[in-house]
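K.L.:
Here you go, one structure.
The values are calculated or read from the model by the stated rules, or taken from the named source; none is laboratory data. Note that the structure is predicted; figures quoted are calculated from it, not measured. Here the Cβ is made from the backbone with ideal geometry for all residues, glycine too, and neighbour counts use every protein chain on show.
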Amino acid sequence: MTRQCQRCDDWIPEARLGALPDTRLCLECSKEIGGDYVTYVTAENTGKPGSLKKNYGSWSIKRKLRPIIPKKPE
Ligand SMILES: [Zn+2]
């Protein structure tokens, strides 16, 4: 099963789809825009509200699907 890149309409190689079945991008586009996902890392502040002391308990990592803007034909 093959699929087209949502950005440049190239066919995504089967090897890439095998490794990343959810990818919407070919390797080129993935490299250019930084991949399918945007990763946010935020420190969770467990300190009391109003306290100047900051206690960072843990890091929370969020992953969001990157919106893909189709590449304009040159
Ligand atoms: Zn592409």
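K.L.:
With the checklist (1) outside any strand (DSSP E or B); (2) modelled with pLDDT of 85 or more in hand, flag the one item THR39 doesn't pass.
P.N.:
(1)
K.L.:
Still on this structure: When you check GLU44 against the structure, is it charged (D, E, K, R), farther than 29 Å from LYS71 by Cβ and not in a loop (DSSP other than H, G, I, E, B), yes or no?
P.N.:
Against the criterion (charged (D, E, K, R), farther than 29 Å from LYS71 by Cβ and not in a loop (DSSP other than H, G, I, E, B)), GLU44 qualifies.
K.L.:
Same structure, new question: Inside the range 43-74, can you point out the residues that are modelled with pLDDT of 80 or more, more than 30 Å from CYS5 (Cβ to Cβ) and exposed (fewer than 10 other Cβ atoms within 10 Å of the Cβ)?
P.N.:
SER58, TRP59
K.L.:
Looking only at the range 1-36, how many residues end up being assigned to a helix (DSSP H, G or I), surrounded by 14 or more Cβ atoms within 10 Å (Cβ to Cβ) and more than 10 Å from the ligand (Cβ to nearest atom)?
P.N.:
Of the residues in that region, 2 qualify.
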